[in-house]
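Take a look at the structure set out below.
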Amino acid sequence: MKPFKQTHLLLLACLTSAPIAAEPVDWDSGYAHAQELSRAGNHQAGLEAWNRLLAQYPDQPDALLGRGLVLLWLQEPASAAADFSQVVASHPGYREAWLFLGDARQRMHQEEAALAAWRRAQQLNPADPAAAGRIASLEARRIPSDKIATITPASPRMRLGVQAAHTWFDKTRDDWSEQHVTLTRQFEETTGIATARRTRRFGVTDYSVGAALWGQLRNWALHSDLLWTPSPDIAPRWDGTLEATRSLSGGWELGGGMRHLHYPDNRIDMIQTHAGHSGTDWYARATLGRSSGSIAGSGYLNLLYRQYLPAGRFLEATGGFAREEVQTRPGTFDGRINRTLGLRLHTPVMAHTALSTGLEYSREERGPEGLRLHAEYLVRW
């Protein structure tokens, strides 16, 4: 080794938090050393180790993959994408490289490129939920999970959904029922939904129509929703929502919004904030909100956890705790503690159809216990 290079390596060893080993003699020891530094979280030292290894073994796919992962940790997604792209160009069957290339593209706000890379990784191993989870998680952030469900990773542009729900209460309250029909059109950066709904509670029936719009602006997801009931007996005449969510590094998201319910003889305004996090095959979200209306000081906490499973399926668990204004009969509201627990399973049926079924248990303070069963069938083309 030349004296100048020895001095250079010695200076690098003094400046890093962990000592850097001497220049690798062979592939095995150099690879193990770079892996050890990277896994220990010494990313800058790991980057230097990968650079030295690639100087000896240029274009080696495992070394390029390792360096790309370190670059992702160092918040350099463009450089990481260059390494992953080099791997898939020479080794198109390297599934992990496609997977992490999608991660890098997503951090660069290139969502279509990220989806294309993840779909390629899924094609190489359909049984692995990692790619399916990333695809569904990105689409779930485009359209919130309580409004729409992913059917297939290919994501056709049109979707028709038919949903029915029925809630059984104990003897103190009659059953409730709801039916929804939704038509969705997905564009490159926006998604629009038209809704028709029938609601029956307390022996009376309301009919509503509405529209929703989701848009993507760099690392922001924007959502607006408006539902109108022409002749309301139990539903609000107007139900409007505005919400914004910002994607952060490391799979985190943070956002907030407001909702207004305009009843003929009551107004309820809700302000909420939420935080979410996406893993390789899961998504979690917490929502904290406060409402004001005829009863002051209402607040609520809602939790959601979704686990992505093979073959495009996912299982979702929800929980809620609220002091809220509960409609006890038409035109009458009462402040009560309300608790809910729910479970939902989403299963693709055929290439472009899916069935989503769920069960939710609720219990009101000074009120009945309820059990809600809901099912939705979706078709995409």
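The values are calculated or read from the model by the stated rules, or taken from the named source; none is laboratory data. Since we're looking at a predicted model, the values are computed, not measured. Every residue, glycine among them, receives a Cβ derived from its backbone with ideal geometry; neighbour counts consider all protein chains shown. What goes into the accessible areas is simple: the full protein's heavy atoms, side chains included, and nothing from ligands, DNA or RNA. Shrake-Rupley method; radii C 1.70, N 1.55, O 1.52, S 1.80 Å.
With respect to Ser291, is the statement that it is in contact with an Asp or Glu (Cβ under 8 Å, 6 or more places away or on another chain) and at pLDDT below 80 true? Criteria not met by Ser291.
Is it the case, given these coordinates, that Gln179 is at pLDDT 80 or above, within 21 Å of His352 (Cβ to Cβ) and open to solvent by 40 Å² or more (accessible area, probe 1.4 Å)? In short, no.
Of all residues assigned to region 309-326, at least one qualifies as being under 22 Å from Arg267 (Cβ atoms), at pLDDT below 75 and open to solvent by 20 Å² or more (accessible area, probe 1.4 Å).
Checking the condition under 30 Å from Pro77 (Cα atoms) and not hydroxyl-bearing (Ser, Thr, Tyr), which residue from Gly210, Gly203, Gly192, Gly215 passes? Step by step, each of Gly210, Gly203, Gly192, Gly215 is checked, and only Gly215 is under 30 Å from Pro77 (Cα atoms) and not hydroxyl-bearing (Ser, Thr, Tyr). Residues being under 19 Å from Gly319 (Cα atoms) and among the hydroxyl-bearing types (Ser, Thr, Tyr) are represented in region 267-281 by at least one member. Output yes when any residue across region 243-256 is open to solvent by 70 Å² or more (accessible area, probe 1.4 Å) and over 21 Å from the mean Cα position of the chain (by Cα), and no when none is. No, that holds for no residue. When region 87-112 is examined, which residues are found to be open to solvent by less than 40 Å² (accessible area, probe 1.4 Å) and under 21 Å from the mean Cα position of the chain (by Cα)? Passing the criteria: Leu99, Leu101, Gly102, Asp103, Ala104, Glu111. For region 179-218, a residue qualifies if it is touching a residue at least 60 places away in the same chain (Cβ under 8 Å) and more than 20 Å from Arg237 (Cβ to Cβ), and the qualifying residues are Glu188, Trp214, Gln216, Arg218. Whenever a residue of region 327-345 is of a type in the set (Gly, Ala, Ser), its partners that are modelled with pLDDT of 65 or more and open to solvent by 70 Å² or more (accessible area, probe 1.4 Å), lying with C-beta atoms within less than 7 angstrom and at least six residues away or across chains, give the pairs Gly331/Asp265; Gly335/Arg323; Gly342/Leu359.
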